[in-house]
Amino acid sequence: MTCFYCKGEMEESTTTHVVEICDRIIVIKHVPCLKCKQCGEVVYTGSVLERLEQIIEQLENTLMEVAIVNYSAA
């Protein structure tokens, strides 16, 4: 697969996904992705996006201001 932005080569990797919802910050570490070797652009598969949405929904209503979770353990 080639990068949408720079046309560089994409490789399987992991990344950290950060979401800010109102006054809460959710950090999800070790998220599987495709990452461009040239510019660093990150692309998620559909199944990873669905799982990220589930994790965010679960943590969205917690009392914590900052939540840091590992993707595979969540």
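Being of a type in the set (D, E, K, R) and touching an Asp or Glu at 6+ places or on another chain (Cβ under 7 Å) narrows it down to one of LYS29, LYS37, so name that one.
LYS37
From the set of residues in the stretch 40-68 that are open to solvent by less than 40 Å² (accessible area, probe 1.4 Å) and within 12 Å of the chain's Cα centre (by Cα), which is nearest to GLU20 (Cα to Cα)?
Filtering the stretch 40-68 for residues that are open to solvent by less than 40 Å² (accessible area, probe 1.4 Å) and within 12 Å of the chain's Cα centre (by Cα), the one nearest to GLU20 (Cα to Cα) comes out as ILE56.
Collect the residues in the stretch 5-32 that are assigned to a loop (DSSP other than H, G, I, E, B) and surrounded by fewer than 11 Cβ atoms within 10 Å (Cβ to Cβ), keeping them in residue-number order.
Residues satisfying the conditions are LYS7, CYS22, ASP23.
Would you say SER72 is surrounded by fewer than 16 Cβ atoms within 10 Å (Cβ to Cβ), hydroxyl-bearing (Ser, Thr, Tyr) and part of a helix (DSSP H, G or I)?
yes
The values are calculated or read from the model by the stated rules, or taken from the named source; none is laboratory data. What you see is a predicted model; the values in this text were computed from it and never measured. Counting neighbours? That spans all protein chains shown, and the Cβs are built from the backbone with ideal geometry, glycine included. Remember, those area values only see protein heavy atoms, side chains included, never the ligands or the DNA or RNA. Shrake-Rupley method; radii C 1.70, N 1.55, O 1.52, S 1.80 Å.
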